[in-house]
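See below for the structure under consideration.
The values are calculated or read from the model by the stated rules, or taken from the named source; none is laboratory data. Note that the structure is predicted; figures quoted are calculated from it, not measured. Don't worry about glycine lacking a Cβ; one is built from the backbone with ideal geometry, like all the others, and counts go over all protein chains shown. We work out accessible area using only protein heavy atoms, side chains counted, and drop any ligands, DNA or RNA first. Shrake-Rupley method; radii C 1.70, N 1.55, O 1.52, S 1.80 Å.
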Amino acid sequence: MATIQWFPGHMTRAKRQIQEKLKLIDLAIELLDARVPLSSRNPMIDEILMNKPRLVLLNKADLADPSVTREWVQYFAGIGIEALPIDCVSGEGVRAIPERAKHALKDKIEKQLSKGMNPRAVRALIVGIPNVGKSTLINRLAGKHIAATGDKPGVTKGQQWIKAGGDLELLDTPGILWPKFEDQQVGYKLAAIGSISDQILQVEDVAYHAIRFLIAGYPGELQQRYELDELPSGQSEPNAFVDVMERIGRKRGCLQSGGTINLEKASMVILRDLRGGKLGRISLESPNQMQYMTSTLDG
Ligand SMILES: Nc1nc2c(ncn2[C@@H]2O[C@H](COP(=O)(O)OP(=O)(O)OP(=O)(O)O)[C@@H](O)[C@H]2O)c(=O)[nH]1
């Protein structure tokens, strides 16, 4: 997994590089993680993309709660942006992208047609934070292996247009954006889904927050996966959540000398299960509770 240490200089450079490419394209395809569409969204995205027509893709929808993903699609429609859930691994939803891209540009295309002009292929740039699936998507759309995953903003491989099916062409190098950093809960969410390297935040902290969230939002899934009988309420003392982590660790044999639980190992079990969809399809934030995971963690 690529991990970028973002500094103000990197951010300025990433922004400038995307803005230079805006001149070449008709449409920006903003790739978000369907489990955390808000936290995986660059905080300056409107400023960066200026008024470029936009299509939002909610990727990794196979891992997200489908009912919450539907809420996100409505949320984006409400702010005038078309959003499409996709799963780049199975390809679900990907075939609809060229048509949706055209739809996002329908005013411009209709104008060209009314002037008797033959509209050329829609030219688009994919932008998104690290690990959101940009390269996987480009390869899927191209139908072959094209995109190299770079871990530095600005690693370009010479600009080329890739035929992406229908009347869609993509720039071969996606725009890498930085995620939101200002809120610590955003960090925990991005770490919980594996978008931030496990070297950056303590895995025990990340798993602790994930457990609190799961108890509040998906208790049935948690109980079923780890055969847990009782769970504490969402407002319990911190120790009650650590106790749940320990119970999971015990069930999964995460013991250390003396028979105590190795909390780091137990945390990794929980996080691997969450990231791999073993706990079911889980969304960590919903538009109805803008700060879904955060609001469950207050107090
Ligand atoms: N389950 C699931 N996994 C996905 C999906 N799309 C991508 N992935 C996985 O997510 C991981 C990151 O995908 P990449 O395509 O490398 O992401 P990227 O945005 O290009 O990452 P950077 O190169 O770090 O900027 C890979 O392990 C992919 O297999 C999806 O729709 N569903």
Checklist line | Residues of the stretch 45-61 that turn out to be on the phi < 0 side of the Ramachandran plot and over 16 Å from the mean Cα position of the chain (by Cα), as a count | finding: 8
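Can you work out which of the residues in the stretch 259-282 that are among the β-branched types (Val, Ile, Thr) and closer than 15 Å to residue 223 by Cα is surrounded by the most Cβ atoms within 10 Å (Cβ to Cβ)?
Going residue by residue through the stretch 259-282, those that are among the β-branched types (Val, Ile, Thr) are 260-261, 269-270, 282.
So of that shortlist, the ones also closer than 15 Å to residue 223 by Cα come out as 269-270, 282.
Numbers: 269: 19, 270: 28, 282: 21.
Only one residue tops the list, namely 270.
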Item checked: Selection from the stretch 35-64 of residues that are farther than 12 Å from residue 127 by Cβ and either more than 14 Å from the ligand (Cβ to nearest atom) or not in a loop (DSSP other than H, G, I, E, B) (or both) -> 38, 39, 43, 46, 47, 50, 51, 53, 58, 59
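Please work out if residue 225 is assigned to a loop (DSSP other than H, G, I, E, B), touching a helix residue (DSSP H, G or I) at 6+ places or on another chain (Cβ under 8 Å) and modelled with pLDDT of 95 or more. It would help to see each step written out before you state the result.
Values: assigned to a loop (DSSP other than H, G, I, E, B): no; touching a helix residue (DSSP H, G or I) at 6+ places or on another chain (Cβ under 8 Å): yes; modelled with pLDDT of 95 or more: yes.
It is false that residue 225 is assigned to a loop (DSSP other than H, G, I, E, B), touching a helix residue (DSSP H, G or I) at 6+ places or on another chain (Cβ under 8 Å) and modelled with pLDDT of 95 or more.
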Next item on the list: Could you tell me whether residue 123 is within 15 Å of the ligand (Cβ to nearest atom) and either over 15 Å from the mean Cα position of the chain (by Cα) or among the basic types (Lys, Arg) (or both)?
Entry: no
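Checking the conditions here, which among 80, 93, 143 is open to solvent by 60 Å² or more (accessible area, probe 1.4 Å), at positive phi and within 16 Å of the ligand (Cβ to nearest atom)?
Values: 80 fails: within 16 Å of the ligand (Cβ to nearest atom); 93 fails: open to solvent by 60 Å² or more (accessible area, probe 1.4 Å).
Just one listed residue meets the conditions, 143.
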Margin query: For the stretch 1-46, give me each residue that is of a type in the set (Lys, Arg) and closer than 15 Å to residue 191 by Cβ.
Written below: 35
Next item on the list: Scan (1) within 19 Å of residue 176 (Cβ to Cβ); (2) among the charged types (D, E, K, R); (3) free of Cβ contacts under 8 Å to residues at least 24 places away in the same chain for the single condition residue 70 breaks and write down its number.
Entry: (1)
